[in-house]
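Heads up: the structure comes next, in structure tokens.
The values are calculated or read from the model by the stated rules, or taken from the named source; none is laboratory data. Note that the coordinates shown come from a computational prediction; the quantities given were computed from them, not determined experimentally. Cβ: placed from backbone, ideal geometry, glycine included. Neighbour counts: every protein chain shown. Protein only, heavy atoms only, side chains kept; ligands, DNA and RNA dropped before computing areas. Shrake-Rupley method; radii C 1.70, N 1.55, O 1.52, S 1.80 Å.
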Amino acid sequence: LQILPLLLAGEASHHESESVVRRLAMALQRAVKQTNRKVCVLATTDCTHSGTYYGFTDLGDASEDRLRQYDQEILAPLLAGNIGTFVARAQASTYCGILPIWLMSEFLGPYEAGELFYDVGKAVLAGCPQYVGFAGFVLH
């Protein structure tokens, strides 16, 4: 078993991100083909950041349940195999981890998705609750 961690972050435009994702996916496809081994791909992402600290208060007095429901609406197209709609929805929110999921789907091409993990973290900053959703996926 070998693990190749890739850490992706960035605030690039959609066009710039798409170009980076496609080039990196092609490089990974070539590398995997050369190894002639089975590959399992995992990706994790921060989902929506909600609260005054993050500048996103569209959920009103967000609770973990409201954030979970909001994130599930954004994630639904990904789980249905529609990466384009997922990316558009995620970019319209405060997701900061779109690139790992986008790269994984581009690397695999047509895929079947299964949500591996989802949870919500909560912190109180300046007396106000702040929430962040987290998700991990396996696509095959």
*Taking only the alpha carbons of the chain, what extent do you get along each of the three principal axes, in Å, biggest first?*
53, 30, 26
*Please give the per residue accessible area of the chain, computed with a probe of 1.4 Å over protein heavy atoms only, in Å².*
62
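Calculate the FRET efficiency for residue 54 and residue 140 from the Cβ-Cβ distance with a Förster distance of 25 Å, rounded to the nearest 0.05. Walk me through the intermediate numbers first.
Values: r = 32 Å, r/R0 = 1.30.
FRET efficiency, residue 54 to residue 140: 0.15.
Using a probe of 1.4 angstrom, how much of the accessible area of the chain is carbon and sulfur, in percent?
On the way: 4730 of 8610 Å².
Taking all protein chains in place, the chain shows 55 percent carbon and sulfur surface.
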_Of 76, 123, 90, the one that fluctuates the most in a GNM where the chain has Cα springs shorter than 10 Å_ = 123
